[in-house]
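Written out below as structure tokens is the structure these notes cover.
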Amino acid sequence: METKQKILLVDDDPDLLDMYREILRQLPGKPEIQTASSGARAIALLESEPYRMLITDLKMPRMDGLQLLSVIRRKHPNLRTVVLTALKDEQFRSRVYAQGVDLFWQKPGTEPEIAMFRDCIQSLLEREDSGGFRGVQSKSLVDIIQIECLSQSSSVLRITNGPLVGKIWIDHGDLLDAEAGNLKGEEAFLHILSWKSGNFELLPAEPNHPRAIHKSSNALLLETAQAFDEAQVNDSHPEANPGTRATTDPINQLDGLEFFTVLEPGQSKPTEARNIENPEQLAAWARATLKRFHALGDKLQVGQPDTVVGLGAKGNVGMTYQGEIEFCIGWRHSLSAGEVRNSTKKAAAIWAS
């Protein structure tokens with residue numbers, strides 16, 4: 001019989017404990033949530049039974065979150081650790097990550113922020129123990145970059161792998177630049193992500209650093225993953241054609257691409273879905289949205305729209321057609337409505353050609 005994973009939630013505010021306990025109970029894995037109102041109580045509970053994850057506030061009386069984490073790191077090195085705080089201080093964030101914490105998260109207030117927080121927690125619970133960055137916390141460099149970008153952080157990551165040193169610049173969740181030896185930009189980024197282990201440190205942000213990477217973080221990480229997968233296939237099968245789809249597919253070269261989905265008539269699943277965790281759910285939403293716009297076009301007697309554009313704080317989306325084939329494509333939030341419209345039509349035309 002499978003044992004439920006246990007999460008220990010630590011905060012001196014009982015109302016916040018109740019609220020975040022309810023948020024965490026909605027995780028797909030349905031973990032068991034226990035709470036502690038002080039660092040001392042948390043240590044006692046951790047000594048009495050095994051836990052998968054500790055989530056703690058920083059600002060608490062007597063023993064604060066940093067002191068608690070210092071004790072936990074020595075006694076329970078394999079425990080997943082998350083800081084959930086209202087403090088907006090880059091120095092605190094750097095100190096927290098220096099202690100080997102998996103995730104530093106500003107306390108979510110909106111529904112999208114809460115959903116993103118739950119997704120990150122579920123991902124940490126599911127991750128297997130393996131080698132990687134940040135000591136024993138078995139985290140890959142891709143994980144670290146995704147967390148920095150998802151949390152809209154600004155920082156400079158300095159990565160070392162033996163004698164090798166690299167830097168990645170991030171500004172409000174956007175990749176600005178990378179540097180490794182004589183390499184710059186996307187070439188340096190790809191080179192750094194090929195390192196399987198090492199150490200990293202968070203340096204102060206440099207928002208005025210010139211941009212050398214123009215693709216979104218999701219698109220670039222997807223290309224990198226595809227390139228690595230192709231490289232592994234080619235290593236196993238030398239007869240395979242050289243090169244990778246990630247570097248030759250013109251759709252992946254479109255600036256600001258976040259995800260790409262193709263919906264053919266009569267199919268419940270997307271024909272193609274790139275960088276999408278729940279493609280069927282997205283397909284159902286896209287089809288329902290397009291159907292509503294069809295009905296609106298008929299009601300206004302203007303015909304069906306050729307392209308539908310939605311703009312959001314976290315990202316933009318465009319939907320269009322090629323014959324009976326529908327496309328739902330995600331774009332970086334910094335693109336304008338006109339850029340999303342034109343890029344969406346261009347991506348669909350490239351796929352259909």
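The values are calculated or read from the model by the stated rules, or taken from the named source; none is laboratory data. As the structure is a prediction and not an experimental result, all values here were calculated from the model. Note: ideal-geometry Cβ built from the backbone for every residue, glycine included; neighbour counts use all protein chains shown.
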query = Is there a residue in segment 319-331 that is assigned to a loop (DSSP other than H, G, I, E, B) and in contact (Cβ under 8 Å) with a residue 60 or more places away in the chain?
reply = yes
key: Scope segment 334-348; condition surrounded by fewer than 18 Cβ atoms within 10 Å (Cβ to Cβ), outside any helix (DSSP H, G or I) and in contact (Cβ under 8 Å) with a residue 12 or more places away in the chain; matching residues   = SER334
query = What number of residues within segment 264-285 satisfy the criterion of being within 22 Å of the chain's Cα centre (by Cα) and in a helix (DSSP H, G or I)?
reply = 6
message = Just to be sure I understand the filter: pairs with C-beta atoms under 6 Å, separated by 6 or more residues or on different chains, first member in segment 270-288 and among the acidic types (Asp, Glu), second member exposed (fewer than 13 other Cβ atoms within 10 Å of the Cβ). Which pairs pass?
response = GLU280/LYS269
ask   = Quick one: how many residues across segment 163-187 are touching a Gly at 6+ places or on another chain (Cβ under 9 Å) and either hydrophobic (A, V, I, L, M, F, W, C) or buried (at least 16 other Cβ atoms within 10 Å of the Cβ) (or both)?
value = 8
key: Filter result for the condition that a residue is surrounded by fewer than 19 Cβ atoms within 10 Å (Cβ to Cβ) and at negative phi, over ALA273, ALA283, ALA352   = ALA352
task = Take LEU27 and decide whether it is outside the structural domain of PRO204 (by TED's automatic domain parsing), farther than 28 Å from SER155 by Cα and either without any contact (Cβ under 8 Å) to a residue 12 or more places away in the chain or hydrophobic (A, V, I, L, M, F, W, C) (or both).
result = yes
ask   = Within segment 316-353, which residues are closer than 17 Å to ALA283 by Cβ and in contact with a helix residue (DSSP H, G or I) (Cβ under 9 Å, 6 or more places away or on another chain)?
value = VAL317, GLY318, MET319, THR320, TYR321, GLN322, ILE325, GLU326, PHE327, CYS328, ILE329, GLY330
request  = From the list LYS75, LYS6, pick out the single residue that is surrounded by fewer than 18 Cβ atoms within 10 Å (Cβ to Cβ) and at pLDDT below 90.
outcome  = LYS75
key: Any chance LEU190 is crowded, with 19+ Cβ neighbours inside 10 Å, more than 25 Å from PHE104 (Cβ to Cβ) and either in the same structural domain as ILE213 (by TED's automatic domain parsing) or among the hydrophobic types (A, V, I, L, M, F, W, C) (or both)   = yes
